[in-house]
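The values are calculated or read from the model by the stated rules, or taken from the named source; none is laboratory data. Everything quoted here is computed from the prediction, not taken from an experiment. All Cβ positions, even for glycine, are placed from backbone atoms using ideal geometry, and neighbour counts span all protein chains on display.
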Amino acid sequence: MVALGFLIVYYQSVTNGHGGDPNPPPLYGWSRSEIVERANRWASRTGAEQVGDQTLLDWKKDGLLPKVGARSLGRGKGTEGLWGAPAYRQLLRVMRLRHGGVHRRRDLRLRLWAEGYLVPWRRIRSDFQALLGPAITRSNRELGTTRWPEALGQDPPALASKSIGRHWLAPASVRRGLIDAGLPPFLAEQVSAGLQRTEVQDVLTRYAYLFFSKDPSGLQAAIERATRGIPKSVRSALVPDQDLLGLFAGFFTPPSTGENRAWTAVRLGDERLFSNLRDLTANVDALWSSTLRLGAVAVRGGYLEIPTWLRPLLAGGMESLATTKPMRNSETRVVLATLLLNRRQNLDDKAEPLGILGRAVPPLLNWLADHPDVFESAEKDPDGAHRMVLAAPFGPETMALLRGELSPPPRAG
């Protein structure tokens, strides 16, 4: 019976990975020629580029495909590689990414890593270095930061503002960036024109300057000025705190100075740091939707100091945004992970609280959004509301967080 159960579980794990493939691999996998043949049949159906035996070996050597098992061909005949279902899934993902226009090996590895596929750790560290180093060098050269004042404070000097405006915030640059981000050209044109307003340009210039300066207070002040006409309760949610701004502060300072936190993290951070950041980025869509769902419930219920006339509009907007998935693109998740490497505390705690945040908090927020009566109970009987939350069917990690057995998640960022 145990052996039968094992075979059933194995069969399900294989067929589930292939959409119910009627011809699952043998118990230990396919040969190289068999997996190439199957992959090329898939490519014929989808229009993707065909692969060959040598391509498969090259991709494995470059870390795009996981190590495979082997079986003996008999005495004196050597061995043959065996490619199982996980390797086949990863092979199809590589082919799909290439079909979508991603060809550079570094970009392929980083995307596979962000999506949870097996990629050698040493490759990921070097790929992050290759991604971050040239970006720092190019940005410093493009903006001529060597001519800026040596001590960068909270207010952008005139030379920095002029360089940022010419290279990063000019209408053509903004429009091109918006189109690259996915906006239709006609909409990008309108948004670009709106961003040319003086008060908006002030905020954007300070934000861009923050990538070089280590003082975020100037940006906070600029955002507060630009949002002065918005109700106070909403404005406070729009102005980021120091911890969040710390993701951007000094991000493009030259690595030669030894002061760039992101570069230090890439060189010295261990695998746990990157794994925890991947945990957060993999769950950030769940964090996004659960936070907005709960926020909409709080707005509709009057638990936040929002004018009555504004509540339906604001709650409806939050509910609509909750259905979007801003981190669906794995390239965006790689960019977020790179930014998170710049947060000072992440290097010290190996980003463990962020990994916990991504895994444990969305179930709690979704449950609270589905049970708004907890808010009313909390006003009358806080201890009873606490017991209601602890009695909810959460996973072990969320329960450990609620009981204080895990470090609480950090503030936003």
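A quick yes/no check of all residues on (1) closer than 24 Å to Arg235 by Cα; (2) buried (at least 20 other Cβ atoms within 10 Å of the Cβ):
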{"position": "Ser275", "(1), (2)": "no, no"}
{"position": "Glu305", "(1), (2)": "yes, no"}
{"position": "Ser320", "(1), (2)": "yes, no"}
{"position": "Leu341", "(1), (2)": "no, yes"}
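Within the stretch 231-253, residues that are loosely packed, with under 13 Cβ neighbours inside 10 Å sit with their Cβ atoms under 7 Å from residues that are not in a loop (DSSP other than H, G, I, E, B), at 6+ positions apart or across chains, in these pairs: Leu238/Ile223. The residue that is surrounded by the fewest Cβ atoms within 10 Å (Cβ to Cβ), counting only those in the stretch 146-161 that are of a type in the set (A, V, I, L, M, F, W, C) and assigned to a helix (DSSP H, G or I), is Ala158. Looking at Pro307, Pro312, just one residue is of a type outside the set (A, V, I, L, M) and touching a Pro at 6+ places or on another chain (Cβ under 7 Å), and that residue is Pro307. Among the residues of the stretch 96-154, those identified as polar (S, T, N, Q) and more than 21 Å from Leu277 (Cα to Cα) are Thr137, Ser139, Asn140, Thr145, Thr146, Gln154.
The set of residues from the stretch 232-262 being under 25 Å from the mean Cα position of the chain (by Cα), of a type in the set (A, V, I, L, M, F, W, C) and assigned to a helix (DSSP H, G or I) comprises Ala237, Leu238, Leu244, Leu245, Ala262.
Quick grid of which residues meet (1) assigned by TED's automatic domain parsing to the domain that holds Leu339; (2) of a type in the set (D, E, K, R); (3) on the phi < 0 side of the Ramachandran plot:
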{"residue": "Glu224", "(1), (2), (3)": "no, yes, yes"}
{"residue": "Arg235", "(1), (2), (3)": "no, yes, yes"}
{"residue": "Leu244", "(1), (2), (3)": "no, no, yes"}
{"residue": "Gly250", "(1), (2), (3)": "no, no, no"}
{"residue": "Asp279", "(1), (2), (3)": "yes, yes, yes"}
{"residue": "Asp285", "(1), (2), (3)": "yes, yes, yes"}
{"residue": "Arg300", "(1), (2), (3)": "yes, yes, yes"}
{"residue": "Leu304", "(1), (2), (3)": "yes, no, yes"}
{"residue": "Ala322", "(1), (2), (3)": "yes, no, yes"}
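Taking the stretch 373-403 as the search range and keeping residues that are closer than 20 Å to Leu287 by Cα and out of contact with any Leu (no Cβ under 9 Å at 6 or more places or on another chain), which one is surrounded by the most Cβ atoms within 10 Å (Cβ to Cβ)? Going through the qualifying residues, I end up with Gly395. Within the stretch 114-123, none of the residues are within 28 Å of Ser256 (Cβ to Cβ), touching a helix residue (DSSP H, G or I) at 6+ places or on another chain (Cβ under 8 Å), without any contact (Cβ under 8 Å) to a residue 60 or more places away in the chain and surrounded by fewer than 18 Cβ atoms within 10 Å (Cβ to Cβ).
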